[in-house]
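What follows draws every value from the coordinates through simple rules; no lab data is involved. Owing to the predicted nature of the structure, the values given are computational and were not obtained by experimental measurement. In this analysis, Cβ positions are derived from the backbone assuming ideal geometry, glycine residues included, and neighbour counts consider all displayed protein chains.
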Amino acid sequence: MSTNFLYKSYPILRETVPHVELGNWPTPLEPLPGISAQPLLLVKRDDLSHPLYGGNKVRKLELILADVKRKGFREIITAGGLGSHHILAVAALGRELGLRTTGLFFCQPVNEHVLNNLLLEVEFGTEMHFVRDYPGMALQYLRFYLARRFNPRRKTYLLMPGGSNALSTLGYIGAVLEIQQQLREQGLPDPAAIFVAAGTGGTAAGLLAGIALAGMDTTLHAVRVVHPSLLGRRKIVGLARKSLKLLARKGVDIGDAASRLDERLLLEEGYLGEGYGFGTAAAQEAISRFREKAGIILEGCYTGKAAAACLDYCAARKGDARPVVFVHTASSTHREREVTATERDLPPDFRWCFAGSPCRRSCTLKGWNRSFCEMASRDNWRC
Ligand SMILES: Cc1ncc(COP(=O)(O)O)c(C=O)c1O
């Protein structure tokens, strides 16, 4: 039977922390000898976590959506970049539970992956609003929230971009316990390192808290894919600490796990490139190697950058006996689906993405998006 490992390890949580079982657990932990045999590289296939839309959001959403249902909300409002995996996952999995999703989308470089995700949003029934930039997002959050907060027919749950909070972070504590069990079953020691892409930091925080709680002698390599103003060590460690505290309040003995958080985290700084969503040569190379050697599909915004850091690590530690785990956080399962929506099904505000033309909307605060807009003529950026 498919069971969330957090609840298997700590049965008390069944009574104290509501969750809905959505994912296919455990996700496989597969060796990738074609890429690195020593140290042995294993991939945690969270890309397969849900048949409709997999990836890292599923572990978070088992907890968040239970909270939404328990509080009686029927609609969620959340935000992300144009190609947001988070909004897609909320819409796809929320719909299975009868919930509606309103998505607020800010700019990011447009490429084929982003365009495909926009069409999937249409298929998953997301109510889509283009908010241009971060200040635009904040204003629209407020507007929609206030407009719907007091409307009993549209009771709306406000979910921050990425869905990272103390509750959802528990999901990746469960993932570490699952990894530890799978390594034991394969006769392997705890990994020397776990690699993951870090955006809003919740996935990394959960892994970090899990490593500390399980007493593993493992370093979490959180590969930053957003600007330093949006994510730093303090945010990841702080979220991991809050999540451990929540576990303790819900009846789990966390011992001195919180004291080990700082020493177990390494924030990888060198793989962001020009910014969130911008491609890098290292990520492209990692994407090609994973595809050619193992048939595993990565994307350029998150998993390609994390894989690049992981491959550099393996190359620098040739011959190491302890394994390395790469957490694949981007959905692969939706690729089976035939996408029937076309750009004509998108709200007019989004059509510029497909036209290869600039968005022609001035930013909410003049100059805020300048670093994006300056890229206008470069690479894959069409604004
Ligand atoms: C594919 C993928 N990997 C990793 C992440 C990072 O997760 P977090 O926001 O929890 O840091 C995201 C976030 O959107 C994602 O879409």
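Against the condition closer than 15 Å to residue 76 by Cβ and among the basic types (Lys, Arg), how does residue 132 come out, does it pass? Taking the combined requirement at face value, the residue does not satisfy it. Checking each residue in the range 295-325 for being among the β-branched types (Val, Ile, Thr) and more than 16 Å from residue 219 (Cα to Cα) picks out 296, 297, 303. How many residues, within the range 182-223, are touching a Ser or Thr at 6+ places or on another chain (Cβ under 7 Å) and in a strand (DSSP E or B)? Number satisfying all stated conditions: 4. Annotation note: of 122, 131, the sole residue that is assigned to a strand (DSSP E or B), more than 16 Å from the ligand (Cβ to nearest atom) and in contact with a Leu (Cβ under 9 Å, 6 or more places away or on another chain) is 131. Among the conditions (1) part of a helix (DSSP H, G or I); (2) closer than 25 Å to residue 203 by Cα; (3) under 24 Å from the mean Cα position of the chain (by Cα); (4) away from the ligand (no atom under 14 Å from the Cβ), the only one that residue 140 does not satisfy is (2). Cβ-Cβ distances below 8 Å connect the following pairs, each with a first residue in the range 76-92 that is under 18 Å from residue 347 (Cβ atoms), a second residue that is within 8 Å of the ligand (Cβ to nearest atom) and part of a strand (DSSP E or B), and a separation of six or more residues or different chains: 87/80.
Tell me, please, whether a residue that is within 14 Å of the ligand (Cβ to nearest atom) and surrounded by fewer than 24 Cβ atoms within 10 Å (Cβ to Cβ) can be found in the range 44-52. The answer is yes; a qualifying residue exists. Consider residue 233 carefully, then state whether it is touching a residue at least 12 places away in the same chain (Cβ under 8 Å), closer than 26 Å to residue 10 by Cα and surrounded by 14 or more Cβ atoms within 10 Å (Cβ to Cβ). No, not satisfied.
Reported count of residues in the range 251-287, each being touching an Asp or Glu at 6+ places or on another chain (Cβ under 9 Å), surrounded by fewer than 16 Cβ atoms within 10 Å (Cβ to Cβ) and over 17 Å from residue 201 (Cα atoms), is 1. Looking only at the range 287-311, residues that are out of contact with any helix residue (DSSP H, G or I) (no Cβ under 7 Å at 6 or more places or on another chain) and under 15 Å from residue 273 (Cβ atoms) come to 5 in all.
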